[in-house]
Amino acid sequence: PGIYVCARCGYELFSSRAKYQHSSPWPAFTETIHEDSVAKRKDRPGALKVSCGRCGNGLGHEFLNDGPKRGQSRF
C-alpha cells in the first residue's frame, strides 16, 4: 500500500488504491493521482506513450480500453 512516485524526481504518479491484478508482469493502474501526474503522446493504435508529468522520465504506456472495467484504460 502507498504511493508510486517517479524514480527520477519523486513526483506522485499512482496510488495503490488504483492498482489491480493484470496478466502482464508489470504493475497495472486505472488512474493517476494528479491530473498532471503523467504526460501522454500517441505511440500506436490503442496505446499512448506515458512519461512523468514533471520531469519527462519515461514510464511506459497507457493501453486504451484495457482496464478492469469496460472503457477504462490501463497504465
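Every read-out reported here was derived from the displayed coordinates using simple, explicitly stated rules and does not represent laboratory data. Computed from a prediction, not measured in an experiment: that's the story for all the values here. With ideal geometry, Cβ positions are generated from the backbone for all residues, glycine too; neighbour counts draw on all protein chains shown.
Phi-derived couplings, Karplus 6.51 cos²θ - 1.76 cosθ + 1.60 at θ = phi - 60°, listed residue by residue for the range 66-75: 10, x, x, 10, 3, x, 7, 9, 10, 9 Hz, with x used for Gly and Pro. Taking 0.36 nm per residue of separation and subtracting the current Cα-Cα distance, fully stretching the chain between Val5 and Ala18 would add 3.3 nm.
Using the Karplus relation 6.51 cos²θ - 1.76 cosθ + 1.60 with θ = phi - 60°, the per-residue 3J(HN,Hα) values for the range 22-27 come to 9, 6, 6, x, 9, x Hz, with x marking Gly and Pro.
Overall shape of the chain was characterised from the C-alpha gyration tensor. The equivalent ellipsoid obtained from it has semi-axes of 18, 16, 10 Å, in decreasing order. Would you mind counting up the charge near Gly56? Only other residues with Cβ under 13 Å from its Cβ, with Lys and Arg at +1 and Asp and Glu at -1. Summing Lys and Arg as +1 and Asp and Glu as -1 gives +4.
At full extension, Arg70 and Ala39 could sit 8.9 nm farther apart than now, given 0.36 nm per residue minus the alpha carbon distance.
Cys residues of the chain that find no other Cys beta carbon under 4.7 Å: none at all. Looking at the chain, the GluC sites (Glu not before Pro) that sit in a DSSP loop and have at most 10 other Cβ atoms within 10 Å of their own Cβ are Glu35. The phi-based Karplus calculation (6.51 cos²θ - 1.76 cosθ + 1.60; θ = phi - 60°) puts the 3J(HN,Hα) values of the range 38-53 at 10, 9, 10, 9, 4, 10, 7, x, x, 8, 10, 6, 10, 9, 4, x Hz, whole numbers, x for Gly and Pro.
For Tyr4, the amide hydrogen comes within under 5 Å of the amide hydrogens of Leu13, Phe14, Ser15, Ser16, counting only partners 5 or more places away or on other chains and with H modelled in the peptide plane.
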